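Enquirer: Submitted below is the structure of interest, expressed as structure tokens.
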Amino acid sequence: MIPRYAELSKVCFRIRSVLKDLLIARRGSQHILQELQRCRSAYLDIIQQCLTGSLYKDASCMNGEEQAYNHDIRETGWDWPKYAHTMIGRKRLENLRLLTESILGNGVPGDLIEAGVWRGGACILMRAVLHAYNVTDRRVWVADSFEGLPAPDESAYPADSGSTFHEYPELSVSFEEVQSNFNAYGLLDKQVVFLNGWFKNTLKTPDIERLALIRLDGDMYESTMDGLVSLYPKLSVGGYIIIDDYHVVQACKQAVHDYCTAQGLTPAFSEIDGVGIYWKKEHA
């Protein structure tokens with residue numbers, strides 16, 4: 001059974017409040033600033049370990065077969081955790097944290113979104129970073145069908161021909177379960193907004209005005225292209241887009257290159273862990 005971690009958020013809030021008072025009393029103290037950052041880092045480190053299941057050595061469960069926890073495999077997210085709230089592994093989760101901290105530190109305007117959330121772990125981390133830095137004017141958008149991946153539309157998207165992602169029940173996680181996972185960390189609040197449905201129907205919403213960070217984890221050509229077409233124009237200059245499956249799903253990679261070619265984009269891709277990539281939007 002997964003332990004609940006809402007107390008972590010409460011402890012972080014108390015620590016932050018005390019340190020804020022100390023900062024006011026001793027403005028300019030480098031020591032206090034360092035302590036504040038240390039507490040933030042400790043909180044986020046624990047959140048990451050919880051989300052990946054590495055804290056409690058969560059077993060892997062693929063194709064109905066349970067296997068013992070393997071640290072090296074979990075680092076790069078090459079297994080499907082039995083209980084943990086993300087399958088993207090430590091390296092991709094760490095990259096997400098660093099990019100989220102970057103957009104906050106550089107004042108890049110906009111919200112954050114993940115399209116394809118599974119159990120919600122990556123979105124939970126984004127919300128945890130906002131919480132740790134006391135950011136109250138940004139939202140985390142959680143976009144998913146909450147019923148798995150769509151069957152391939154081979155006539156419209158030939159690159160998805162033969163895709164079997166829709167046949168895996170492990171990839172179907174209910175809306176209620178994802179909400180519960182957010183709540184377990186004490187991070188289910190008005191700054192978390194859910195988009196429930198297929199990307200072609202939900203990502204076009206005008207409610208999303210501007211984004212500072214986009215994370216696409218839709219596996220398929222159609223899902224990746226829907227995310228790029230609907231969301232990338234709303235990404236602020238200086239913001240980041242992450243493509244989770246770039247190196248492991250050929251259809252996903254093709255969607256990225258087709259979109260960039262059609263838009264005349266030549267982004268400088270940055271590698272993460274041999275699976276995902278990201279790039280920074282340099283021009284409007």
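Enquirer: So what's the angle, to the nearest 10 degrees on a 0 to 90 scale, between helix 250-263 and the longest Cα principal axis of the chain?
Expert: Around 80 degrees separate the two axes.
Enquirer: Rounded if a/c is under 1.5, else prolate if a/b beats b/c, else oblate: with a ≥ b ≥ c from the C-alpha gyration tensor eigenvalues square-rooted, which is the stretch 133-251?
Expert: Because a/c hits 1.5 or more and a/b fails to exceed b/c, the stretch 133-251 counts as oblate.
Enquirer: Just to be sure I follow the rule: in the chain, considering lysines 8 or more places apart or on different chains, how many pairs have Cα atoms under 15 Å apart?
Expert: 4
Enquirer: Rounded if a/c is under 1.5, else prolate if a/b beats b/c, else oblate: with a ≥ b ≥ c from the C-alpha gyration tensor eigenvalues square-rooted, which is the stretch 59-210? Don't skip to the answer; put the middle values down first.
Expert: Values: a/c = 1.78, a/b = 1.21, b/c = 1.47.
In terms of gyration-tensor shape, oblate.
Enquirer: What whole-number value in Å² describes the accessible area per residue of the chain for a 1.4 Å probe?
Expert: So the chain comes to 47 Å² accessible per residue, rounded to a whole number.
Enquirer: For the stretch 198-284, rounded, prolate or oblate, judged on the Cα gyration tensor with a ≥ b ≥ c (square roots of eigenvalues), a/c < 1.5 rounded, else prolate if a/b > b/c?
Expert: Oblate is the answer for the stretch 198-284, as a/c is 1.5 or above yet b/c matches or exceeds a/b.
Enquirer: Give a quick list of trypsin sites (Lys or Arg not before Pro) in the stretch 137-216 that DSSP marks as loop, anything other than H, G, I, E or B, with at most 16 other Cβ atoms within 10 Å.
Expert: Here the sparse-neighbourhood loop sites are Lys190, Lys204, Arg210.
Enquirer: Pop out the carbon and sulfur fraction of the accessible area of the chain as a percent, whole number, probe 1.4 Å. Numbers along the way, then the final one.
Expert: On the way: 6700 of 13210 Å².
Taking all protein chains in place, the chain shows 51 percent carbon and sulfur surface.
Enquirer: What do you get for the angle between helix 175-184 and the principal long axis of the chain? Use alpha-carbon atoms, 0 to 90 degrees, nearest ten.
Expert: Long axis of 175-184 versus the principal axis of the chain: about 20 degrees.
Enquirer: May I ask you to rank His257, His31 by accessible area, largest first, using a 1.4 Å probe over the protein chains only?
Expert: Of His257, His31, the descending order of accessible area is His31, His257.
Enquirer: Which entry in [x] 28, 24, 18; [y] 31, 23, 17; [z] 40, 29, 18 matches semi-axes √(5λ) of the Cα gyration tensor in Å derived from the coordinates of this structure?
Expert: The value matching this structure is [y].
Enquirer: Quick one: angle between helix 6-25 and the longest Cα principal axis of the chain, in degrees between 0 and 90, rounded to 10, please.
Expert: The helix 6-25 is inclined about 50 degrees to the chain.
The values are calculated or read from the model by the stated rules, or taken from the named source; none is laboratory data. Just so you know, these numbers come straight off a predicted model, no measurement behind them. Here the Cβ is made from the backbone with ideal geometry for all residues, glycine too, and neighbour counts use every protein chain on show. Note: accessible area is taken over every heavy atom of the protein model, side chains too, but ligands, DNA and RNA are not part of it. Shrake-Rupley method; radii C 1.70, N 1.55, O 1.52, S 1.80 Å.
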